[in-house]
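Below is one structure, written out as structure tokens; comments come after it.
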Amino acid sequence: MSDVYLVGTFSTAFGKRPDHTVKDLAREAYLGVLADAGLADGGSIESCWFGNCGMWVEEQGSIRGQVCLTPLVREGLFPERVPVVNVEGGCATASMALNGAWKDIAAGTADMVLALGVEKTFYPDDPRQSSRLFEGGIDQYDPDEWRAYYAAAGEVAGKAFEPGPDRSIFMDTYAMQACYHMKRHGTTRQQIAAAAAKNHSHGALNPRAQYQFEMTVEEVLADREVSWPLTRAMCAPIGDGAAGALLVSARRLRALPAAVRERAVRVAATALSGGKYRSLEEPGLSRVAAQKAYAQAGLGPEAIDVAEVHDATAFCELYQAEMLGFCEEGEGGSFVESGATTLGGRLPINTSGGLVSKGHPVGATGLSMIAELTEQLRGEAGARQVAGAHTALAENGGGVVGFDEAACSVVILQRG
């Protein structure tokens with residue numbers, strides 16, 4: 001197996017961009033990746049893994065990547081006859097695209113591969129489009145199964161399953177998990193709010209973030225309630241965006257200019273896991289993906305210098321810190337509240353602002369994490385820079401099966 005390197009990464013600014021189509025966003029991300037890699041065009045790209053969840057609500061049910069890349073082919077910016085593999089895995093879509101691109105190179109079938117994730121979730125003239133997109137992330141064939149599961153779990157968690165019309169159902173499932181964590185481990189709303197406030201402060205330093213303002217713990221707690229104990233400031237917003245990465249083999253890297261080689265970042269591991277209907281007491285699927293990634297990279301959680309985790313709500317940062325082995329189970333609240341995960345702390349998490357501040361265009365999110373961590377490992381993150389960062393981890397989950405995500409990715413990157 002070849003070592004695999006990132007030589008170009010890019011993320012658009014995330015936010016409500018009603019005047020930009022998915023084709024516009026794909027173009028922006030693709031050209032940004034090429035520019036970051038120092039390439040005038042993508043003539044050496046041998047395959048593309050394209051991630052998207054929601055183009056079907058605009059009636060584009062298949063060949064999504066081919067449709068978005070066709071104008072670039074016509075203009076000579078993207079090579080002809082290149083296979084494009086379309087990927088969908090809920091919010092983990094872009095990370096699954098990265099995993100596919102990595103496999104092409106690791107298996108020796110290609111030397112340069114593009115991973116691209118694109119999403120629109122904001123439809124100001126038809127909000128039902130957004131709802132349809134999110135509803136695709138949970139079983140629509142047997143809804144009675146998950147309704148019964150959540151009803152029973154609500155009795156254990158101490159919070160009844162009562163979805164509302166003003167939010168996605170996922171906010172209620174996260175809220176139930178947070179309530180169970182509070183009941184079992186003594187976690188507090190203030191600790192969840194500390195994660196949100198910290199990430200809003202990080203997002204204020206990120207020019208690509210959807211929200212670029214600071215918040216205090218008190219302001220987070222005082223914001224509008226979404227589903228107790230979660231307030232709006234603890235939840236990821238709706239927005240649009242795209243992100244991408246260009247991966248190469250060690251052989252191709254050696255042939256690239258020194259300026260490119262010096263900025264290359266090695267993909268030390270990329271591992272996936274799948275969700276199931278689990279009990280509240282059972283660890284989540286991200287622990288499985290993390291253990292696989294640590295074994296693949298030959299290191300443990302103590303080696304990680306900076307991380308991006310999937311905080312669709314601020315509670316998720318507490319929980320994922322436990323699942324990824326950054327702290328003991330049940331100690332996520334105190335770990336975050338201690339300042340360990342802030343810039344300058346022992347293990348900065350979500351220096352981008354995380355999903356609650358940076359934004360969460362579903363099919364682009366995972367690759368935006370990779371762009372952030374690549375900048376960190378190159379020493380190019382500016383005011384967000386983690387001093388001496390050498391090894392980074394990204395955790396990205398998508399879809400819902402009970403209290404698990406349907407899919408999870410853990411990626412470990414190292415300075416080249």
Q: Mind scanning K23/K198; K120/K159; K23/K358; K16/K276 and naming the pairs with a C-alpha gap bigger than 28 Å?
A: K23/K198; K120/K159; K16/K276
Q. Taking the Cα atoms only, what angle lies between the long axis of helix 365-378 and the longest principal axis of the chain, rounded to 10 degrees?
A. 70 degrees
Q | Ratio Rg/Rh, restricted to region 318-379 and using Cα atoms, in which Rh is the Kirkwood radius | A | 0.99
Q) Please state the Cα pair-distance histogram of region 1-159 with 10 angstrom bins from zero: what percent is in each bin? A) 10, 34, 30, 17, 8, 2
Q. Between R263 and residues 5 or more places away or on another chain, which pairs have amide H atoms under 5 Å apart, with H built 1.01 Å from N, and which residues are they?
A. none
Q.
For a quick check: with amide H placed at 1.01 Å from N, whose amide H comes under 5 Å from N350's, ignoring anything fewer than 5 positions away on the same chain?
A. A307, E308, V309
Q: Indicate the gyration tensor shape class of region 188-305 (rounded, prolate or oblate), computed on the Cα atoms with a ≥ b ≥ c the square roots of the eigenvalues: a/c under 1.5 is rounded; otherwise a/b larger than b/c is prolate and the rest oblate.
A: oblate
Q) Once amide H atoms are placed 1.01 Å from N in the peptide plane, what residues at a sequence separation of 5 or more from D404, or on another chain, have their amide H within under 5 Å of its amide H? A) K276, R278
Q: Could you order W49, W102 so the one with the most accessible surface comes first? Probe is 1.4 Å.
A: W49, W102
**Q.** Two-site label geometry, V73 and R261: point separation in nm, points 7 Å out along Cα→Cβ
**A.** 3.4 nm
(Q) P(r) for region 186-230, please, calculated from all Cα pair distances in 5 Å bins and given in %. (A) 5, 25, 26, 23, 14, 5, 1, 0
(Q) Using only Cα atoms and rounding to the nearest 10 degrees, what angle (0 to 90) does helix 189-203 make with the longest principal axis of the chain? (A) 30 degrees
Q: List, largest first, the extents of the alpha carbons of region 58-146 along their principal axes, each in whole Å.
A: 46, 31, 17
Q: Would you tell me the accessible area of K183, worked out with a 1.4 angstrom probe on the heavy atoms of the protein chains, in Å² to the nearest 10?
A: 130 Å²
Q) What is the gain in length, in nm to one decimal, between H185 and A303 on full extension, counting 0.36 nm per residue of separation less the C-alpha to C-alpha distance? A) 39.8 nm
**Q.** Nearest-0.05 FRET efficiency for E380 and M1, computed from C-beta distance (R0 25 Å)
**A.** 0.30
Q: Rounded to the nearest Å, what's the spacing between the alpha carbon centres of region 374-407 and region 26-67? Just the number, please.
A: 21 Å
Q.
Could you tell me how many cubic angstrom of Cα convex hull volume region 329-416 has per residue?
A. 116 Å³
Q.
Just to check I understand the Karplus step: with θ = phi - 60° and J = 6.51 cos²θ - 1.76 cosθ + 1.60, what whole-Hz values come out for region 78-95, glycine and proline as x?
A. 10, x, 6, 6, 7, x, 10, 9, 8, 10, 8, x, x, 5, 8, 3, 5, 5
Q: With a Förster radius of 41 Å, plug the Cβ-Cβ distance of E135 and A387 into 1/(1 + (r/R0)^6) and report the FRET value to the nearest 0.05.
A: 0.40
**Q.** region 140-215: C-alpha gyration tensor shape, a/c 1.5 cut-off, then a/b vs b/c
**A.** oblate
Q: Calculate one ³J(HN,Hα) per residue across region 211-216 by plugging θ = phi - 60° into the Karplus curve 6.51 cos²θ - 1.76 cosθ + 1.60, and present them in order as whole Hz with x for glycine and proline.
A: 10, 10, 9, 7, 9, 8
**Q.** Descending principal axes extents, region 256-297, alpha-carbon based, whole Å
**A.** 52, 16, 12
**Q.** Stretch gain in nm, segment T109-R251, where the contour uses 0.36 nm per residue and the Cα spacing is subtracted
**A.** 49.9 nm
**Q.** Helix 169-185 vs. the chain, principal-axis angle (Cα, 0 to 90°, nearest 10)
**A.** 60 degrees
Q) Where the Cα atoms of the chain are projected onto their three principal axes, how long is each span, largest first, in whole Å? A) 58, 46, 37
(Q) For a Förster distance of 41 Å, can you work out the FRET efficiency between the beta-carbons of A40 and Q296, rounded to the nearest 0.05? (A) 0.75
**Q.** Gain on full stretching of the segment that runs from A222 to E145 - 0.36 nm per residue minus C-alpha separation
**A.** 24.2 nm
**Q.** J(HN,Hα) series, region 281-292, from Karplus relation 6.51 cos²θ - 1.76 cosθ + 1.60, nearest Hz, glycine and proline x
**A.** 7, 7, x, x, 5, 5, 5, 5, 4, 5, 4, 5
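The values are calculated or read from the model by the stated rules, or taken from the named source; none is laboratory data. Bear in mind that the values here come from a model prediction, so they are computed numbers and not experimental data. Note: ideal-geometry Cβ built from the backbone for every residue, glycine included; neighbour counts use all protein chains shown. Side chains are part of the model used for accessible areas, which takes the heavy atoms of the whole protein and leaves out ligands, DNA and RNA. Shrake-Rupley method; radii C 1.70, N 1.55, O 1.52, S 1.80 Å.
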